[in-house]
1. So who's got an amide H within less than 5 Å of the one on Val112, skipping anything under 5 residues away but keeping other chains? H placed 1.01 Å off N, in plane.
2. Spelling out what I want: for every residue of the stretch 67-76, take phi, set θ = phi - 60°, compute 6.51 cos²θ - 1.76 cosθ + 1.60 (Karplus), and round to whole Hz; glycine and proline get x.
3. Quick one: length gained pulling Phe118 to Thr59 fully straight, 0.36 nm per residue minus the C-alpha distance?
4. How would the stretch 46-141 be classified by its alpha-carbon gyration tensor: rounded, prolate or oblate, with rounded meaning a/c under 1.5 and the a/b versus b/c comparison settling the rest?
Amino acid sequence: MLVEDGVAAVRGRRFTCRVRFLAPLAILAASVFVGFLLLRGEDERPGAIAIDRYLAAWTRGADDAAAALTDNPKAAAAALKASRTGLDGASVRTSVSSRAEDAARVRVTWQVPGFGRFAYSIRLAAVEGEAGWRVRWRETLVHPELDRQTRLGTAVDRPRRGPAEMQLLGDRDEVAQVPEQIHDRNDDG
């Protein structure tokens, strides 16, 4: 009997050791899985789905498709196309940084040809209407400082030329103001 009790006791200790080892491991695995689900940004709420679809279309460069997912497709299409054209056909990437109910804060990063990266954050909201859930259109969805009369665009500022009497002289590119004629620094006269 003692042997059987001894074996039973040994088996009991092994079982207890396994539970003590496996329980924290299972909790860790479950935490990692839940963290993955939260960080991947997917949300099953209809407003969140509408926002994700809008952002996916905009990121693909499908401005018309993104506009169709808003509550004002005509205005959205015009603004999205005008800004992308103004940025020389730039590509855009988006990432949701936070969500609250049917709204999101999104980091927008443009890759503009000849200029490089340009990034900022926007806030979007989704609303339920007759056509289902749509992103509420505002020009600030393109950039927080835009309105109906503005768009994003690139511009090159060239240095302004000075008046005719301002000229570059010599090898050191010194600027001198001379009346109507240019004098060579090396002339004696």
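1. Arg117, Phe118
2. 4, 5, 8, 10, 7, 9, x, 5, 5, 5
3. Details: separation 59, 0.36 × 59 = 21.24 nm, distance 1.45 nm.
Extra length from Phe118 to Thr59 when fully extended: 19.8 nm.
4. Working: a/c = 2.36, a/b = 1.45, b/c = 1.63.
Cα axes put the stretch 46-141 in the oblate bin.
The numbers here are math on the coordinates, done by the rules we state, and not lab data. Quick caveat, the model's predicted, so the values are computed rather than measured.
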